[in-house]
Each structure stands twice: as structure tokens, then as C-alpha cells.
1. From the list Y35, Y22, Y56, Y94, which residue is at pLDDT 90 or above and either closer than 26 Å to K282 by Cα or assigned to a loop (DSSP other than H, G, I, E, B) (or both)?
2. Six or more apart or on different chains, Cβ atoms under 8 Å: show the pairs whose first residue is in the range 186-200 and modelled with pLDDT of 90 or more and whose second is among the basic types (K, R).
3. Working only within the range 397-430, note down all residues that are free of Cβ contacts under 8 Å to residues at least 12 places away in the same chain and not in a loop (DSSP other than H, G, I, E, B).
4. Would you pick out the residues in the range 249-280 that are under 26 Å from P466 (Cα atoms) and aliphatic (A, V, I, L, M)?
5. Please go through the range 391-419 and give me each residue that is surrounded by fewer than 12 Cβ atoms within 10 Å (Cβ to Cβ) and under 37 Å from the mean Cα position of the chain (by Cα), ordered by number.
6. I'm told L444 meets every condition in (1) in a helix (DSSP H, G or I); (2) within 28 Å of S48 (Cβ to Cβ); (3) open to solvent by less than 30 Å² (accessible area, probe 1.4 Å) except one. Can you identify the failing condition by its number?
7. Within the range 59-91, track down each residue that is in a helix (DSSP H, G or I), modelled with pLDDT under 90 and open to solvent by less than 30 Å² (accessible area, probe 1.4 Å).
8. Any chance the range 193-209 includes a residue that's within 18 Å of Y316 (Cα to Cα), among the polar types (S, T, N, Q) and out of contact with any strand residue (DSSP E or B) (no Cβ under 7 Å at 6 or more places or on another chain)?
Amino acid sequence: MTSNHLKTYLLEPNINLKPLLYEIVKQCEKKNIRYDKHLITFIMNLVSLDPKFEIYMETLSADRRNHDDFVEECVAILSEDRSPSLTTLKIQLYFLEHFFNKDEVIEKHTRNLQNKTAHLLREITENDVITRDEQDEIFSKIIIDIVLNMGLGNPDNKEVIVETTKALNSVMSRSDKAKFITLDKKDRLLALKDIREIVCGIRIFNKHAGNASNGMSDLPRLLDQSHESTKSILQITLCEIMDKVNLLTSALNSSIAYDLRNRTIVTLLPENISSEDLDDLKDLLIMYRQHEVYTRKLIDELVLMKYNIDTCNQEYNQKLIKLHEAVQYRTAIPTDRVFPKFSELTRIWMQYQNYIYLLSEINQISNTLTNLTERCLSFDDLAYRLLGECQVQTDLDRLGKTSNKKLYIDSESVACEIVPYASSLKVEFLKFCVWHLAEANGLLMPGNTDMGVCQYQKELYAFNIPEPAVFFSENPDKYLFKIVKLARKKVQLVVFLDIFFKLQNCYNSKTMEVFHVKVPLTAEQEVQTELHPIPSNIDRQYRWNIWDLRREAIGLTNLRMKRTSSSQTTKSKPTQVYLPKNQTTQTRVCRGTETEERRQ
């Protein structure tokens with residue numbers, strides 16, 4: 001499921017649950033529990049997936065006991081402020097709210113800049129100019145506007161203002177400036193946009209030509225440095241996360257043993273470690289794995305951004321070369337052909353600034369996620385005690401033990417089949433072993449896809465060792481139902497394992513006997529596309545020629561100045577009128593031509 005779907009289902013408050021929201025807030029205030037209403041809404045939507053409360057999303061149970069149990073469950077989750085489970089939920093909520101849409105981030109920064117310069121823009125476009133001093137004042141404000149909006153330096157720096165003024169004067173003569181101030185507001189805005197782009201392009205060109213560069217940043221170099229810095233920070237963060245993941249996975253792996261004869265996983269705990277401690281370590285592993293998933297997503301965005309930046313650099317250098325050639329032979333090339341090249345250079349310059357905004361957003365998300373995980377309680381001592389004399393292993397070390405093995409199932413199995421894994425295939429539960437999740441109460445053990453994957457109802461599942469694939473193929477719903485039950489209790493698994501739809505579809509399955517996962521029905525068939533799927537609607541008054549419309553508009557305008565009587569004109573629009581009455585009058589025959597008699 002995409003993050004947009006999760007936002008729709010999990011972040012938006014349910015109006016039916018509003019009374020329970022107020023009750024949870026009230027309980028939190030009574031117990032001095034810190035809360036955030038967005039977090040409460042998120043937790044409520046996740047907890048409501050458990051059918052025992054009978055209040056899933058659109059409905060609300062009439063049983064007061066269900067209400068009390070639901071409120072108690074949500075308050076219990078919120079009360080453990082530094083627990084791994086609540087920290088995971090906070091991480092998920094923050095990432096879903098802030099993982100950026102590139103266009104939205106750019107639009108937000110553009111809107112903030114426009115708000116800061118709105119007063120300056122109004123003074124430029126709305127003030128009437130009469131004297132020459134007022135004209136000079138307007139263009140002084142235009143220079144500041146260009147510097148601020150195009151990111152050309154600090155407007156308090158005199159050298160920045162001087163160089164921008166020179167660039168503006170090379171574009172606009174005194175007569176051009178006089179013409180600008182006679183424009184109305186709309187035309188001034190359009191003209192100002194063009195002036196910004198051309199002046200900015202000139203300043204960029206001057207900087208690279210070595211003429212002047214005071215106060216102006218080298219954005220391509222700055223962007224490359226920022227990208228490398230962000231990449232290093234994310235890689236260091238990922239290494240720190242994986243150190244924790246490897247320690248916790250190794251410790252938890254040392255506490256279990258496989259009873260393949262009885263098809264179960266046996267837990268072996270030292271005397272000084274309880275089952276509650278083991279659950280805390282499992283929750284902590286979920287938290288670090290969730291942090292790992294989000295950090296990898298940020299790194300993927302960074303890789304894509306690097307490709308786009310390199311493309312911009314190539315285009316940027318090409319534009320500069322063409323501009324050098326055009327300026328070198330400027331006497332032979334008209335101005336109206338040179339100025340657009342400056343504008344094109346400016347557009348790439350603005351793309352560089354947009355990438356800086358995106359890098360800033362990635363850094364902000366990464367820092368916040370790291371801060372959230374650092375507030376969580378530390379269980380390192382507990383993990384080392386559970387690990388004992390065993391060695392810490394990485395995922396590669398662990399999966400290397402089964403690198404030469406292959407999954408197999410009984411030949412009689414109809415529901416499942418083993419298929420080779422390809423990178424384009426999606427494996428459920430983030431490629432974690434479905435058997436460990438179900439039988440070890442949520443233990444995250446990476447599955448080895450090199451052994452193959454098990455396909456059930458068009459969905460793929462991975463395993464850590466080959467033998468459980470046989471158990472799974474005999475009754476897949478048994479293991480899937482155990483994972484669904486686990487996710488209803490550990491609600492942080494819903495987003496982490498991306499199983500919201502599974503819980504939603506099997507909401508009414510309270511027991512194994514009635515459990516089933518709905519599979520999208522698909523069929524391979526061919527259809528003939530209709531020639532005209534939309535009913536035809538022919539507008540008899542449609543005019544494809546704009547001059548017909550203009551002639552009609554002129555005719556209607558002229559008609560407004562005319563006076564009509566006794567009949568409806570053909571040019572006027574249809575209106576309700578009184579029909580003429582059939583009547584006659586007696587008049588003299590000569591009435592229309594009667595004149596005075598000419599005296600002799």
C-alpha cells in the first residue's frame with residue numbers, strides 16, 4: 001500500500017470515534033500522560049482494527065464495555081512514553097506525515113518566500129509613480145526583489161546590489177523603465193517575472209565569465225557538497241541502525257530452537273531474563289527495523305536526486321557555453337535571441353535551489369527519526385545477557401548458512417508452489433520469514449529469497465530455512481491468521497509489515513475457522529474498446545474560429561446601443577417576449593407621404 005493510502009485510512013480522524021477521542025484525552029490528562037491528538041488518532045485507527053472492540057473505522061459499537069476497553073487499550077499504549085512500541089508508532093506517524101512529495105516541498109518553500117516578499121511586491125506593482133525620484137525608488141525595490149526571489153546573495157551587501165543594478169541597467173534603458181511604470185498591475189507582474197529571469201541569468205553568466213561574483217553562491221558546487229554530506233550522514237545512520245539490528249537479531253536467535261518434528265519454535269531463556277524482557281527486545285527490533293526501512297527510502301531518494309542533479313549540471317554547462325558564444329558575437333545576434341538564453345539559465349538555477357530545499361527536507365526527516373529512536377529506553381545490557389557467548393552475526397552471515405539450499409513442498413500441495421525469486425517481485429512481510437513471525441510471536445528473521453519463495457494466492461512469502469515451507473504449504477491460513485492476531489495486539493506491525501488491507505479484509509474473522517484473506521479477482525480476457533464510449537453532444541452554436549466569436553461579440557456590443565421595438569431582432573439572444581397582436585387601424589392613404597402643399 002502506498003503512503004497516500006495509509007494517510008487516508010490511518011491519519012484522518014473518524015468522526016464516529018470522536019467521543020472516544022475526547023475520553024482518551026481526558027484519561028491522559030488525568031494520569032499526566034503527554035499526548036498529541038494526531039498520535040491519538042493514529043493509534044485509535046490502528047487499535048480499531050481489532051474486532052473485539054467492534055468499532056472499526058465507519059461503525060461504533062453500542063456496548064459501553066467495548067468503549068471502555070478501547071479507551072483503556074489506547075491509554076495503555078500512550079502511557080509507555082519511552083517504550084519501543086510507542087516510539088515505533090511515533091516514527092511511523094512522523095514519516096507518513098512528512099515523507100515528502102517533491103512538488104509539495106518546492107511549493108511550500110516558494111509560498112514562504114512569496115509571503116516574505118509580498119509587501120515589497122505590492123509596492124512595486126501597485127504604487128503610482130510620478131516623479132523621477134519615485135521611479136528610481138521603485139527600481140531600487142525591484143533590485144532587492146530580484147536578489148531575494150532569485151537567491152543572488154544578501155541584499156544588505158552593497159556589492160550584491162551594485163552588481164544586480166549593473167545587470168538591470170544592461171537590460172533596461174531609461175525609456176524602458178519609464179514604460180514599465182506606466183503599466184497596470186497585471187502587466188507589471190508579468191514584466192517583473194521576465195526582468196527577474198534575465199537579470200539573474202546575466203549575473204550567473206558574469207560569475208562564470210569571471211567578471212564579478214561578489215556575494216553570489218556557487219550553487220552547483222554547494223549542491224554537490226550538500227548531497228555528499230547528506231549521503232554520508234544517512235550512511236552513518238544506517239550503519240548505526242544495523243549494529244543495533246544485528247545485536248538484537250543475534251540475541252533473539254540465540255534464545256530459540258527449532259522443534260521441526262512438532263513444527264514449532266521453542267524459547268530458551270536464561271534464569272535472569274523473563275518473557276516480558278524477550279517481548280521488549282522483539283519490540284525494540286521492530287523499532288530499529290522500521291528506522292532502517294525509512295532510512296533506506298531516504299537513501300533511495302538521494303540516489304534519484306543525484307541523477308537529476310547530474311542531468312542539471314550537464315544542461316547548465318551547455319547553456320553557459322552557448323551563452324558565451326552568443327555574447328562573443330553579440331553584434332551579429334539580436335537581443336531578443338540572447339535574452340531567452342539568460343532566462344533558460346535562470347530556470348536551471350532555480351532547479352538547483354529546489355534541490356537544496358529537498359536535501360534540507362531529507363536531513364530534517366532523518367534527524368527527527370534519529371532523535372525519536374534515541375529517546376527510547378536502552379536494552380543493550382539485556383541483549384548482551386541474552387546473547388551470552390554467541391557471536392553477533394549480520395544478515396549476510398545468517399543467510400549464508402542456507403545459501404546452497406532450496407525450498408521444497410509436498411507434491412500433493414495444490415494451494416502453494418515454489419517459484420524463483422526476482423528483484424521485480426514483491427515478497428510479503430518485507431521478506432521476513434513468515435514462520436518465525438507466526439510461531440515466535442513476532443520475531444523478525446530475514447528470509448532467504450535465494451532459496452526461492454512460496455506463492456500462495458498470488459502472494460509471495462519467504463523463509464529462513466527450507467523445512468517450514470512444507471508446514472506452510474499444508475495450511476497457509478493457519479500461519480497468516482497468527483500474524484493477523486499478532487498485528488491486532490502489536491499495532492505497530494500494521495504499518496511496518498504493510499498489512500493494513502489484510503486486517504481490513506479479515507476484520508470479521510475472529511477465529512481460525514472463519515479466517516480467510518480476500519484475494520483480488522483477476523481474469524485474462526480481451527475487450528473491444530467502444531468507438532464512442534461517451535454519448536455524442538453536438539453543440540450547433542460551437543465556433544472553432546476565434547474571429548467568428550469576435551464578430552459575434554462586436555455585434556452583441558453594437559446591439560446594446562440600439563433600441564428595438566415591436567419585434568425581436570435576429571442578432572439578440574433568445575428572450576421571452578410578448579407576441580404581436582393581430583390588429584388593424586384605419587389611416588389616411590397619404591399618411592406616410594403627406595407634405596405641405598406648395599403655394600403658387
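1. The unique qualifying residue is Y94.
2. Matching pairs, first to second residue: E197/R347.
3. Hits for the range 397-430 are D397, G400.
4. Within the range 249-280, A251, L252, I256, A257, L260, I265, V266, L268, L269, L278 meet the criteria.
5. Residue satisfying the conditions is L396 alone.
6. Single failed check for L444: (1).
7. Hits for the range 59-91 are N66, H67.
8. Yes - at least one qualifying residue is present in the range 193-209.
The values are calculated or read from the model by the stated rules, or taken from the named source; none is laboratory data. The model shown is predicted, which means the values in this text are computed figures rather than measured ones. Backbone-built Cβ (ideal geometry, glycine too); neighbour counts: all protein chains shown. Please note that ligands, DNA and RNA were not included when accessible areas were found on the heavy atoms of the full protein model with its side chains. Shrake-Rupley method; radii C 1.70, N 1.55, O 1.52, S 1.80 Å.
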